[in-house]
Amino acid sequence: MIKIYCYPRCTTCQRATKYLDSKSVEYEYINIKDDNPSKETLRGLWQKSGLELKKFFNTSGILYREMELSKKLSSMTDEEKLDLLASDGMLVKRPILITENAVLVGFKESQWVGKV
């Protein structure tokens, strides 16, 4: 089953779920604020995605800016980044779409075509 980590008030997440609904795709909706993925889950998603770990950070989020992470991420280890991501769902870029064969971070319809 397809899973999607979202934040209900996020307009990008709303667009993503609307897209899935329009394609009649069944999915499990996970509120990332209430049920933030664990460090090990994040590690698996990161490895399956093939993306750089920094792509998993919500760089436009308030918490990211308050913590001044744009200045700190480059000097952090992957383990420190994973610990940080696992500490608060609002630091994680969303939505995260998890299918049998792919992990997609963020929503760009062109990237989702053929994956769901």
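Data table
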quantity	calculated
Filter result for residue 19 (within 19 Å of residue 102 (Cα to Cα), modelled with pLDDT of 95 or more and touching a Cys at 6+ places or on another chain (Cβ under 8 Å))	no
Among residues of region 16-48, those that are among the small types (Gly, Ala, Ser) and surrounded by 13 or more Cβ atoms within 10 Å (Cβ to Cβ), counted	2
Filtered residues of region 50-107 (kept if acidic (Asp, Glu) and either over 22 Å from residue 19 (Cα atoms) or surrounded by 12 or more Cβ atoms within 10 Å (Cβ to Cβ) (or both))	52, 66, 68, 78, 79, 80, 83, 88
Subset of region 22-38 (residues that are outside any strand (DSSP E or B) and acidic (Asp, Glu))	26, 34, 35
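The values are calculated or read from the model by the stated rules, or taken from the named source; none is laboratory data. Please read all numbers here as calculations on a predicted model, not as lab measurements. Note that we place each Cβ from the backbone using ideal geometry, even for glycine, and neighbour counts take in every protein chain shown.
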